[in-house]
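The structure appears below as structure tokens.
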Amino acid sequence: MILEVDLERKRRNFRVFNERGGKFRVAIVNVCNLNCFFCHNEAMVNPRRPGEDPNGKVGPVHISLDELLGIINAFTSRGGGQVNITGGEPLAHREIVRFLEDIDKRSTRVVLNTNVILADRLLNRPRIGNLDSIYASLHTTDGEIFRDQLGGRSISKVMDNIVALKTHGYDVQINYSLGDYNKEEFGSVLKFAVRHGIDLKAITLVRPNEDPDFYRGAWIDPQWISAQIEATGARVVGSEDSLGGQTTTYAIGGMTVKVKNIARGRLETDFCSGCTYKEKCGEGIYGLRVGIDGLWKPWLLRHERFRSVTQEESYESQILTIIDEMIGSWENARFLTGVPA
Ligand SMILES: C[S@@+](CC[C@H](N)C(=O)[O-])C[C@H]1O[C@@H](n2cnc3c(N)ncnc32)[C@H](O)[C@@H]1O
């Protein structure tokens, strides 16, 4: 009887997670051809940071690509809303195309998060039907910022590839991570997006560690971006409180710009009780992460709540249990406001 009640609650919380836009982020590789100073690396040890992984460039690998495929397919078969394939840089994985094609997507949205430097891997072949959307990172149009803060070589190649992926038939959204380092660049990223009719989403940097200098400057309130968008005469067409925070949607020309403002609202649930990072939290309850490091990560900062993927229990059962812990009693969930410390 207790088990049945338990399972019923877990299923209900899985529904809440998906209906409220919870993200399931699967990091299939821990290699990247950039080195963004702010990268949370989906909570994996970052081998590109001296000291984090002194042993190598790839980072620890604990589970195989096929095991990750099994995990994703468990999520889709339960009716999960969206899975984001991420990394590291997922296009750097030699088997990326085979992997995307092997997902049993059912009704789940499949999104690829990428810096698009290796877009040729998708452009040299017909469009992959399983892929609903590509979220392309574009944080600047300035070559120097791209080189000095993100470790890249050619920002014009990135912009060309974004346009080429759209022309190839993919639904593309630009992801812009806002900080002191690139706030003056928002205008030109927006202009690029509008010129090519590509939707844009702006989020502010989320703290993945306790480094006092993490933001490399001030924490920038996304309100700053909203003011710039509103100055263009853009209309607000929507606003939602979802897992991960409050998002306002603007219409500009034929495309949309979403601004996620965690200072206006980020989700606190039972999972957060006793958490010592509350003041610093820039993400709230947002999504479940898993990766080739073989760890389930319900949140970025609380490493003590990470746990190993096990073969002793079905993937579906593990997913249900962790999401249940993240959501807790939904009546207790609330959106916190204020700037993270
Ligand atoms: C971790 S990356 C991995 C996928 C791929 N390499 C890319 O660039 O999209 C996924 C997205 O998370 C964003 N991101 C990483 N760390 C972040 C942080 N601390 N705060 C806000 N966004 C972050 C990146 O800018 C990128 O848009």
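Arrange 339, 5 by Cβ neighbour counts within 10 Å, fewest through most, would you?
Sorted ascending by nearby Cβ count, the order is 5, 339.
To the nearest 0.05, what FRET efficiency results for residue 306 and residue 154 with a Förster distance of 22 Å applied to their C-beta separation? Numbers along the way, then the final one.
On the way: r = 36 Å, r/R0 = 1.63.
Efficiency, rounded to the nearest 0.05: 0.05.
Charges on Cβ only, +1 for Lys and Arg, -1 for Asp and Glu, centred on the Cα centroid of the chain; of 229, 310, 267, which one is farthest towards the dipole's positive end?
In the chain, that residue is 229.
Sort 273, 177, 77 by Cβ crowding within 10 Å, fewest neighbours at the top.
Neighbour counts put them in this order, fewest first: 273, 77, 177.
What trypsin sites (Lys or Arg not before Pro) in the range 36-101 are in a loop by DSSP, with at most 14 other Cβ atoms within 10 Å of the Cβ? Let's see the in-between values first.
Working: sites: 48, 57, 78, 94, 98; in loops: 48, 57, 78, 94.
Of the trypsin sites (Lys or Arg not before Pro), the ones in loops of the range 36-101 whose Cβ has at most 14 other Cβ atoms within 10 Å are 57, 94.
Which residue fluctuates most in the GNM of the chain (Cα springs below 10 Å): 126, 208, 60?
Most flexible of the set in this elastic network: 126.
Using Stokes-Einstein with the Kirkwood hydrodynamic radius over Cα pairs, what translational diffusion coefficient do you get for the chain at 4 °C and a viscosity of 1.567 mPa s, in µm²/s rounded to a whole number?
63 µm²/s
So, R0 is 25 Å and r is the distance between the beta-carbons of residue 280 and residue 35; what FRET efficiency does that work out to, to 0.05?
Between residue 280 and residue 35 the formula returns 0.60.
Which of the GluC sites (Glu not before Pro) found in the range 250-341 are loop residues per DSSP with 12 or fewer other Cβ atoms within 10 Å of their Cβ?
The qualifying sites are 312, 313.
What translational diffusion coefficient, to the nearest whole µm²/s, does the range 202-341 have by Stokes-Einstein, given a Kirkwood radius computed over alpha-carbon pairs, a temperature of 10 °C and 1.306 mPa s viscosity?
It diffuses with D of about 95 µm²/s by this estimate.
Restricting attention to the range 175-233, which GluC sites (Glu not before Pro) occupy a DSSP loop and are surrounded by at most 12 other Cβ atoms within 10 Å?
210
Structure shown: which of 166/191; 23/183; 57/105; 258/297; 157/191 lie over 24 Å apart, alpha-carbon to alpha-carbon?
23/183; 57/105; 258/297
Pulled fully out, how much extra length does the chain show between residue 94 and residue 228, if you take 0.36 nm times their separation in residues and subtract their Cα-Cα distance?
Working: separation 134, 0.36 × 134 = 48.24 nm, distance 4.04 nm.
Stretched fully, the residue 94-residue 228 segment lengthens by 44.2 nm.
Please work out the FRET efficiency for the pair residue 334 and residue 124, using the Cβ-Cβ distance as r and a Förster radius of 45 Å; give the result to the nearest 0.05.
Efficiency, rounded to the nearest 0.05: 0.40.
Quick one: of the DSSP bridges fully inside the chain, what percent are antiparallel, nearest 5? Don't jump to the answer; show the numbers that get you there.
Values: 21 of 51 bridges.
Bridges in the chain that DSSP calls antiparallel: roughly 40 percent.
Readers should treat all values here as calculations from the given coordinates under stated rules, not as data from a laboratory. Just so it is clear, the structure is predicted and the values come from calculations on it, not from any experiment. Note: ideal-geometry Cβ built from the backbone for every residue, glycine included; neighbour counts use all protein chains shown.
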